[in-house]
Amino acid sequence: MDQALQHLVNGTVLGGTYALLGIGLTLIFGVMRVVNFTHGELYAFGAYMVYALVSLLGINFYLSLLLAALLGAALGAAIELLLLRPLRRADIDSVMLVMIGAALVLQNAEMWGWGGVAKLVPSPFAGTPLVVGPISVMPLRIFVLLVACALLLGFWLLLDRTRAGTAMRATFQDAEAAALMGVRVGWVNTATFAIGSGLAAAAGALLGPVFMVSPTMGDLVGLKAFAIVILGGLGNLPGAAIGGFALGYIEEFGGGYVSTEYRDAFGFLLIILVLAIRPQGLVAPRERVG
Amino acid sequence: MLNRRTALLSGLAMPALLRTASAQSDGPIRIGMTQPLTGAVAASGNYVANGAKIAVEVLNRAGGVMGRPLELILEDNKSNPREAVAAAEKLVLRDRVPVLIGAWSSTFTLSIMPKLLEYRVPMVVETSSAERITTSGNPWVFRIAPTSAMEAAAFRELLGKFDPPIRRIDFLSVNNDFGRGATEKFSAALGGAGIAIGRSETMTPEATDLSAQLTALKQSDGDTVFLTTGVEQQTLMLRQAVEQRLGKRIVTTGGSFPDALLANPLPPGNASFHILFYAPWFPERAPYPQIAETYTAEWNRKGWEFAGLTEGFRGYDAVLTVAEAIRLAGRAEGEAIREALWRVDIHGVNGDIRFVKEGPAGRESGQNRPNVSIIRLAEGRTSLL
């Protein structure tokens, strides 16, 4: 029982950051129909920014997290304006190729700029765990989970309670109709890509101090972000949050009770099962085609 | 022109190298090296590459080999076996190197080995520990690093230094040839010494969250966990073990050292043990202190991460080995260097370097017998066990 509780806590902490990653990716796909292959690299970018701000420039840790997320959003906006906007009428294959190229450029820029050796990011949190009965967790991880949940809530409020959110949802449902109603779709696309990128960078900035920062840290994370949005249903926002937590729990319990050797495989096994039983994802309603 | 004084000051106990220096000057002799300079085990690869670079500098300052300077051509294998093969092929086919050094992980080395047979180029293996590297019948492989079995056997001799004694062990290993090989050999060696074997958990080389593995290990009644992986995952595991209150002694294998924990130490009361092949904090305790001190001084002069010395010596010793083989061969040609490697008998940072035959008769690989030491790390400070 003690072991199960510890796995539950570990899975929740992991799931919170996975949800953050999934939301950003699925938002961009939902609104823009763009498969964002740079998502993992934006995560790494956020982690490197917090490393640079905290370790090299000596800026306050919490301010650095905020700045890293904003810089990630700015980089996302630049990618949208420079790479995606000229391709608005292009076919999906061309867009995918450009995004794969952008991901490679970003990763190699990180290698060139920072070197290949992983970095540790210091945090102001204690290095000893908080212990409640049989469960232990680092204060930093609790902070990460709380911030991830706050970001998810803030993001939901943005979408549900603001004019910008309404414009995004309208574009999400039907871009042409939204444009006819006066929504500036180009602006919505830039804002969407910036917010999705900012969420990825925020996840990287939050997890950088928990783990380590390296140029290839986005590879596996990018793959997992795709797993999360497929689990939840492509373009489905609540689905991405639920998919994130589902992946966190399946990895944690699968690794703990079945085999740690196949820990990363459990998530992908779950995707195969979900696609076989509910091809639209865990949460999304069934769509009629034709 | 040979500078004998520089060579002697460098501490290289290779007077023979000096005798043949300045005999000819046909341009540099190329040595190819592939290491993981990026990716999951990049820290280690960069340290080894740095060690090789300073060995080349030291040798060149002493006049090079046969009067020709050495040139190190370094290719990144990106912590990936496919990239390791591509890097080796590029070094052999495009750069025309007559000899290789590589490739850190056993998985990368094993993936390159068929190419050595195909292109008839010898390789000095500086790190990889999997047994079959030298037992599979590849006569182009010469390993200066210990196998996991050698490391385990050496560790068994030092069991008496642990108090309280080790009674039951668990394993957490990276899921590749390196990790699986270490688990198998340490189980056999320590099981033979009457120590009970408990759980064996694994992780992918890219894994960063090890909470599931640690929670599972916590359930075991073992008193010691053997950890086999690269520097990055060692650091992650040691930090996360504090979070999960693992409460067991942790021993890392393979010669890597989590140097980030020197500047960012674990909370008081958490100590870890590390099987190393060079302990730079104590160069005077090395088998040949003058060589170790020269290597350490050159490294520090560059301002590189001090703890990288623990792995950098592999590159340093590998270059010394290759340089001596080229000198003995009398020419920079693959087959001649391969034959000469059997006659190498030099002093390195780790100790004596000479090869014994391993593997099927007629197709033997070369294997060196290196020295092993154990370092205790607690609160950012190291001590020799």
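Taken together, the values in this text are just the output of simple stated rules run on the coordinates, not laboratory data. Bear in mind that the values here come from a model prediction, so they are computed numbers and not experimental data. Neighbour counts run over all protein chains shown; Cβ positions are idealised from the backbone, glycine included.
Across the residues of A:144-157, average count of Cβ atoms on other protein chains within 10 Å?
Averaged over the peptide's residues, the number is 0.
Quantify how strongly other chains surround peptide A:260-272 by giving the mean number of their Cβ atoms within 10 Å of each of its Cβ atoms.
Shielding by partners across A:260-272 averages 3.
How far is helix B:42-61 tilted off the main Cα axis of chain B, in degrees rounded to 10, range 0 to 90?
It is inclined by approximately 30 degrees.
Non-local amide H neighbours of B:R143 (under 5 Å, H modeled in plane, Pro and chain starts lacking H): which ones?
For B:R143, whose amide H was placed from the backbone, the distant partners under 5 Å are B:V125, B:G366, B:Q367, B:N368.
Please give the Cα centre distance for segment B:43-104 versus segment A:168-195, rounded to the nearest Å.
Cα centroid of segment B:43-104 versus Cα centroid of segment A:168-195: 53 Å apart.
Over chain B, what is the percentage of antiparallel beta bridges among all DSSP beta bridges, to the nearest 5?
The antiparallel fraction comes to roughly 30 percent.
222 nm [θ] for chain B, helices only, -39500 (n - 2.57) per DSSP H run of 4+, per residue, to 500?
The per-residue figure over chain B is -12000 deg cm²/dmol.
Rg and Dmax of chain B over Cα atoms: what are they, in angstrom?
20.3, 66
Looking at segment A:144-189, which trypsin sites (Lys or Arg not before Pro) are in a loop (DSSP not H, G, I, E or B) and have at most 15 other Cβ atoms within 10 Å?
A:R184
What do you get for GluC sites (Glu not before Pro) in segment B:114-206 restricted to DSSP loop and a cutoff of at most 14 other Cβ within 10 Å of the site's Cβ?
none
Please sort by residue number the trypsin sites (Lys or Arg not before Pro) in segment B:66-141 whose DSSP state is loop and whose Cβ has at most 12 other Cβ atoms within 10 Å.
B:R96
Could you sort B:101-111, B:371-381, A:135-145 so that the peptide with the highest average Cβ count within 10 Å comes first and the rest follow in order?
Descending packing order for the listed peptides: B:101-111, A:135-145, B:371-381.
Using 0.36 nm per residue of separation minus the Cα-Cα distance, give me the extension gain between A:I142 and A:L269 in nm, one decimal.
Length gained between A:I142 and A:L269: 42.9 nm.
Ordered by packing density, taken as the mean number of other Cβ atoms within 10 Å over each peptide's residues, highest first, how do A:73-82, B:134-143 rank?
Put in order of decreasing packing, that is B:134-143, A:73-82.
Taking each residue in B:152-158, count the Cβ atoms of any other chain within 10 Å of its Cβ, then average. What number comes out?
Rounded to a whole number, the mean comes out at 0.
Can you give the extra length, in nm with one decimal, that the chain gains between A:R88 and A:V131 once fully stretched, where that is 0.36 nm per residue apart less the Cα-Cα distance?
10.2 nm
What angle, in degrees between 0 and 90 and rounded to the nearest 10, separates the Cα long axis of helix B:148-157 from the longest principal axis of the Cα atoms of chain B?
60 degrees
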